[in-house]
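Working notes, beginning with the structure itself.
The values are calculated or read from the model by the stated rules, or taken from the named source; none is laboratory data. Just so it is clear, the structure is predicted and the values come from calculations on it, not from any experiment. Virtual Cβ from ideal backbone geometry, glycine too; neighbours counted across all protein chains shown.
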């Protein structure tokens, strides 16, 4: 069995939001070039297939899917910073299908874990709205696919520097999908306060750590050790999916965090350890943001090294995140006894 499956495709390069747009095809080219220059032993590249309409409609409205399909062959501005180019709809279908395929591979034992290097990204996409460079919510579509495969509990962890509003809203009334997010706050898109803990039956199953600017690797380590790992262990997922954005890197032009390649490797190590303890290592990382090309390529490579077992970087605690962690723990304490410790 291959340890790590890498899902990517040249079609993702054809999604083109336009000159000067941060979510450019150069992002994926940088990753592809780095894969060639610095191959990671144990990574097996696989070609994805497009998501079916039924898979997409488990998350998105039929009218929205039709509107996206109608952009094929055209350039259409969907919101202030989200553009569909002539090939974008097919690229988005393939990105969603790649994420579903990664889940299928780890669920069926065809790979221990997987990384999806696809674009356009997805975690801002709402049920009926494109947003924040995102057309289809790839991780949400994959989580629903995992539930159909038989996963009773799916954990989605989002370490992108921007809050995954779309993913949260799609699952915030449910108990079978746990959503955890660390993000710069206040910041785009304006959601993700610690008091946002889910609604109705889903109360307690949304975990938002709203971090001030300037957090470094140690601060993210504290978030994982003091918040994400205890809740994740208590939830005991059957599968873990990560919205892996790399825009919290110190070099990234769109945010104000100070994480490094080692910090992302530490986060990947922590979540891999959780998956190994709870669900036989079933773990899928899915590319979201990250706009400095060198930082993006180096950080993805570091995570691939973790996934294959070639690297372990365990996160250590820092002090700047303590107030944010305490606010989240206070909001969730009645739902998770482990947070009383």
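How many residues does region 307-331 contain that are over 30 Å from residue 45 (Cα atoms) and either free of Cβ contacts under 8 Å to residues at least 12 places away in the same chain or not in a loop (DSSP other than H, G, I, E, B) (or both)? Walk me through it before giving the result.
Residues of region 307-331 that are over 30 Å from residue 45 (Cα atoms), as a first pass: 316-331.
Now narrow it down to the ones that are either free of Cβ contacts under 8 Å to residues at least 12 places away in the same chain or not in a loop (DSSP other than H, G, I, E, B) (or both): 322-331.
Final tally of qualifying residues: 10.
Hey, could you check region 28-46 for residues that are part of a loop (DSSP other than H, G, I, E, B) and touching a residue at least 40 places away in the same chain (Cβ under 8 Å) and say which is surrounded by the most Cβ atoms within 10 Å (Cβ to Cβ)?
Our first condition is that a residue be part of a loop (DSSP other than H, G, I, E, B); within region 28-46, this holds for 38-42.
This time we only want the ones that are touching a residue at least 40 places away in the same chain (Cβ under 8 Å), so: 38, 40-42.
Details: 38: 12, 40: 22, 41: 11, 42: 15.
Per the stated criteria, the residue is 40.
Please give the number of the condition residue 280 fails out of (1) surrounded by fewer than 19 Cβ atoms within 10 Å (Cβ to Cβ); (2) more than 20 Å from residue 5 (Cα to Cα).
(2)
Can you confirm whether residue 232 is within 22 Å of residue 329 (Cβ to Cβ) and surrounded by fewer than 24 Cβ atoms within 10 Å (Cβ to Cβ)?
no
Answer yes or no: is there a residue in region 311-318 that is crowded, with 20+ Cβ neighbours inside 10 Å and either out of contact with any helix residue (DSSP H, G or I) (no Cβ under 9 Å at 6 or more places or on another chain) or closer than 16 Å to residue 224 by Cα (or both).
So in region 311-318, the residues crowded, with 20+ Cβ neighbours inside 10 Å come out as 313, 315.
Going one step further and asking which of them are either out of contact with any helix residue (DSSP H, G or I) (no Cβ under 9 Å at 6 or more places or on another chain) or closer than 16 Å to residue 224 by Cα (or both), we end up with 313, 315.
Checked region 311-318: at least one residue is crowded, with 20+ Cβ neighbours inside 10 Å and either out of contact with any helix residue (DSSP H, G or I) (no Cβ under 9 Å at 6 or more places or on another chain) or closer than 16 Å to residue 224 by Cα (or both).
Among the numbered criteria (1) under 21 Å from the mean Cα position of the chain (by Cα); (2) surrounded by fewer than 20 Cβ atoms within 10 Å (Cβ to Cβ); (3) not in a helix (DSSP H, G or I), which one does residue 18 miss?
The number of the failed condition is (1).
Scan region 76-102 residue by residue and report those that are in contact with a helix residue (DSSP H, G or I) (Cβ under 6 Å, 6 or more places away or on another chain) and either buried (at least 20 other Cβ atoms within 10 Å of the Cβ) or under 15 Å from residue 47 (Cβ atoms) (or both).
We begin by selecting, within region 76-102, every residue in contact with a helix residue (DSSP H, G or I) (Cβ under 6 Å, 6 or more places away or on another chain); these are 87, 89, 91, 94-96, 99-100.
89, 91, 94, 95, 96, 99, 100 - these are the residues of region 76-102 that are in contact with a helix residue (DSSP H, G or I) (Cβ under 6 Å, 6 or more places away or on another chain) and either buried (at least 20 other Cβ atoms within 10 Å of the Cβ) or under 15 Å from residue 47 (Cβ atoms) (or both).
Here is a list: 150, 73, 109, 122. Which entry is modelled with pLDDT of 95 or more and surrounded by 24 or more Cβ atoms within 10 Å (Cβ to Cβ)?
122
Of the residues 260, 323, which single one is farther than 24 Å from residue 103 by Cβ and crowded, with 17+ Cβ neighbours inside 10 Å?
When all the criteria are applied, what remains is 260.
Does residue 265 satisfy being in contact (Cβ under 8 Å) with a residue 24 or more places away in the chain and either assigned to a loop (DSSP other than H, G, I, E, B) or over 16 Å from the mean Cα position of the chain (by Cα) (or both)?
Values: in contact (Cβ under 8 Å) with a residue 24 or more places away in the chain: yes; either assigned to a loop (DSSP other than H, G, I, E, B) or over 16 Å from the mean Cα position of the chain (by Cα) (or both): no.
Spelling it out, it is not the case that residue 265 is in contact (Cβ under 8 Å) with a residue 24 or more places away in the chain and either assigned to a loop (DSSP other than H, G, I, E, B) or over 16 Å from the mean Cα position of the chain (by Cα) (or both).
Quick check on region 215-234. Is at least one of its residues without any contact (Cβ under 8 Å) to a residue 60 or more places away in the chain, farther than 26 Å from residue 138 by Cβ and outside any strand (DSSP E or B)?
No, region 215-234 contains no residue that is without any contact (Cβ under 8 Å) to a residue 60 or more places away in the chain, farther than 26 Å from residue 138 by Cβ and outside any strand (DSSP E or B).
Just name the residue that is nearest to residue 204 (Cα to Cα) out of those in region 162-178 that are in a helix (DSSP H, G or I) and over 14 Å from the mean Cα position of the chain (by Cα). First the steps, then the outcome.
Going residue by residue through region 162-178, those that are in a helix (DSSP H, G or I) are 165-171.
With over 14 Å from the mean Cα position of the chain (by Cα) added as a condition, the list becomes 169-171.
Numbers: 169: 14, 170: 15, 171: 12 Å.
The selected residue is 171.
Of all the residues that make up region 274-306, how many are free of Cβ contacts under 8 Å to residues at least 24 places away in the same chain and either assigned to a helix (DSSP H, G or I) or in contact with a helix residue (DSSP H, G or I) (Cβ under 6 Å, 6 or more places away or on another chain) (or both)?
1
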